[in-house]
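Let me begin by presenting the structure, written as structure tokens, before commenting on it.
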Amino acid sequence: MPTGSSRIDGLLAQLRSQADSDLLVQGRFGLEKESLRVAESGGIALTPHPRVLGSPLTHPHITTDYSEALLELVTPPFSRFSEALDCLEGLHLHVHDRLEKEFLWATSMPCILAGGDAIPIARYGSSNPGLMKYVYRVGLGYRYGRTMQVIAGVHFNFSLDERFWPMYQRLLGEQGSLRQFRDHHYMGMVRNLQRYGWIIPYLFGASPAVCSSFFADKEPDLLVFDDSTYYEPYATSLRMGDIGYQNRKEEGMGIKASYDDLSSYVHSLARATRTPCPAWESIGVKVDGEYRQLNTHQLQIENEYYSSVRPKQICADMETPAHALQERGIEYVELRSLDVNAYHPLGVDEIQLRFLHIFMLYCLLRESPVISCTERKEIDRNFIWVAQQGRDPLLKLQRGDRAVLFLDWAGELLQAMQPLAQLLGEQSNDARYPSALKIQQQKLNDASLTPSGCMLEEMREKGEGFYQFARRLSREHWRYFAGRTRDAEFSEQLDRLATLSLMQQKELENTDDESFDAYLARYFAGQIGSSASEC
């Protein structure tokens, strides 16, 4: 069978001949966007999650990530990018109107920090699921430190229209279970998103610099930009580099998820949640009556394993992610490598989403063999190299048994996507698909057009350190939201959801008649699942 672009060209020719060929452009798109709440003083907000926004345990669209101050806004899936972005803007406006003397930070890397102990861990009430989410975060703090946990990002959730899969199965001439076919090709997409995912930090990375307060009293292996800022001159995304949350300690202990197929993926993560780890045993679990972590295993729960992309299934109440995937297969793919776009109030724009749609479909259609141990190491190194040195015109990546210039490989990759972008434009009658790809190609020709390049250039021109730059953009975004028209009906709906979520949390707390110790014991014995597993 032909490989690479020749295989895709053949598939696209076949797709054009299908009566329902437009199913390729159909899909479901969702967004998750993290933002730090920041006090007027410029430091991380120390106030509790605003009650007026509802319960972060049970609200479907407004919750918290690691910290009480790290808001996470979650849209449902939509059939159009514009709908997902409109929903995200509505969530932003709702939060904007209900914050008191606080604003949302515009960048992935955080504001001024006063050390890890000053970062408030998110709380979810006194129910067992709420306590589990809290203790899990306490454990993350002990294992990796709190500062890296308040780095923000954007997650892009994508699934193809379900009508696509039987058409695609017929086109490939394959037989058997449609669910197994779908899972097989989604896992192929996931593997290719890892193989070629280094293109994302170059095109969209927006964290080439960081406030010196991020490191407290430690001296990082970075250059000095000014007296308040560290940076790397060619960095694209320090968030995705060595200083970000990359499970470096687990990686050193040999934990790597298997992406050979869905069953291997699920079982490799489940195994890590059952395997004791001496390094974590030294922390202890329950010390002087207080929990420090959920357990001493390599992973407390499956979601502790960091990955730039995850296969996902929607969890029912009291169900773990692994069980959901095993029972119902892959519902969508979550791409997690996007930095917050500092130049857009929403942290992401439609041009990015259109390119990601092209890229993810390209990764689906391209041949995707299993990842060998050697290739696994290459994938990890290539990603880190682009995150930390991506705009260096001499940067080389490892491609099999040879080193190749990043710019050459990236140019080849984008060139191979052109026929797909053209087809999507034709099927949707929307020239913005090929236009989105062209904009990314221009960034290869001129690295100063990348977000990371723009940020450092602007900081130099204005004489700003990272903090001053990020605060200025944060205030500009605040003014943007202050001037936008509100959708009163949507805001009222969110108020109702806030009230309902608080009632749901209270009901959980009132009906909890089991000790937390017993709850955890049953959970890890596999006798129950928990909504807290989506921690």
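Holding the Cα-Cα limit at 26 Å, pick out from Lys396/Lys438; Lys33/Lys312; Lys396/Lys443; Lys312/Lys377 the pairs that are longer than that.
Too far apart for the 26 Å limit: no listed pair.
How much net charge surrounds Ile112 when only other residues with a Cβ under 13 Å from its Cβ are counted (Lys, Arg +1; Asp, Glu -1)?
My count for the surroundings of Ile112 gives 0.
How much length is gained on full extension from Cys373 to Val404, taking 0.36 nm per residue of separation minus their Cα-Cα distance? Write down the numbers at each step before the final one.
Working: separation 31, 0.36 × 31 = 11.16 nm, distance 2.00 nm.
Here the answer is 9.2 nm.
Taking a ≥ b ≥ c as the square roots of the Cα gyration tensor eigenvalues, with a/c under 1.5 meaning rounded and otherwise prolate when a/b beats b/c, else oblate, which class fits the chain?
rounded
If you build the convex hull over the alpha carbons only and average its shadow over all orientations, what do you get for the stretch 85-244? Give it in nm² to one decimal. Write out the running numbers ahead of the final one.
Numbers: hull surface 58.7 nm².
The directionally averaged projection comes out at 14.7 nm².
Please calculate how many Å² of accessible area the stretch 1-117 carries per residue, with a 1.4 Å probe and no DNA, RNA or ligand atoms counted.
37
Taking the Cα atoms of the stretch 1-126, report the difference between the largest and smallest coordinate on each principal axis, in whole Å and largest first.
Extents along the principal axes: 59, 29, 28 Å.
To the nearest µm²/s, what D does Stokes-Einstein give for the stretch 365-473 at 10 °C and 1.306 mPa s, using the Kirkwood radius over alpha carbon pairs as Rh? Mind showing how you got there, number by number?
Details: Rh = 16.5 Å.
Reported coefficient: 96 µm²/s.
Calculated from DSSP H runs of 4 or more alone, at -39500 (n - 2.57) each and per residue, what is the 222 nm mean residue ellipticity of the chain, nearest 500? Write down the numbers at each step before the final one.
Numbers: 18 runs with 241 residues, N = 535.
Computed ellipticity for the chain at 222 nm equals -14500 deg cm²/dmol.
What are the semi-axes of the equivalent ellipsoid of the stretch 177-291, taken as the square roots of 5 times the eigenvalues of the Cα gyration tensor, listed largest first and rounded to whole Å?
Gyration-tensor ellipsoid for the stretch 177-291: 33, 26, 10 Å.
Need the full-extension length gain, Glu509 to Ala13, defined as separation in residues times 0.36 nm minus the C-alpha distance. One decimal, nm. Don't skip to the end; give the middle numbers.
Values: separation 496, 0.36 × 496 = 178.56 nm, distance 5.74 nm.
Extending this stretch completely gives an extra 172.8 nm.
Just for the chain, what percent of DSSP beta bridges are antiparallel, to the closest 5?
Looking only at bridges with both residues in the chain, the antiparallel portion is about 95 percent.
Write down the accessible area per residue of the stretch 190-343 in Å², having rolled a 1.4 Å probe over the full set of protein chains.
38
Can you compute the radius of gyration and Dmax for the stretch 16-76, using only the Cα atoms, both in Å?
18.5, 61
Roughly to the nearest percent, how much of the accessible area of the stretch 98-197 is carbon and sulfur, given a 1.4 Å probe?
48
Please give the charge dipole size of the chain, origin at the Cα centre, charges +1 on K and R Cβ atoms and -1 on D and E Cβ atoms. Round to the nearest 20 debye.
720
At a 1.4 Å probe, what is the % contribution of carbon and sulfur to the accessible area of the stretch 450-495? Don't jump to the answer; show the numbers that get you there.
Numbers: 1110 of 2450 Å².
Here it works out to 45 percent.
Over the stretch 126-169, average the accessible area per residue using a 1.4 Å probe and give it in Å², no decimals.
Averaged over the residues of the stretch 126-169, the accessible area is 23 Å².
If you roll a 1.4 angstrom probe over the protein chains with everything in place, what fraction of the accessible area of the stretch 318-366 belongs to carbon and sulfur, to the nearest %?
It is 49 percent, rounded to a whole number.
Pop out the Kirkwood hydrodynamic radius of the stretch 143-196 from its pairwise C-alpha distances, inverse of mean 1/r, in Å to one decimal.
On the way: mean 1/r = 0.0712 Å⁻¹.
After inverting the pairwise mean of 1/r, the radius is 14.1 Å.
The values are calculated or read from the model by the stated rules, or taken from the named source; none is laboratory data. Since the model is a prediction, treat every value here as computed from it, not as a measurement. Heads up, the Cβs are rebuilt from the backbone with ideal geometry, glycines too, and the neighbour counts pull from every protein chain shown. For the accessible areas, the whole protein counts, side chains as well, though only heavy atoms, and no ligand, DNA or RNA atoms are used. Shrake-Rupley method; radii C 1.70, N 1.55, O 1.52, S 1.80 Å.
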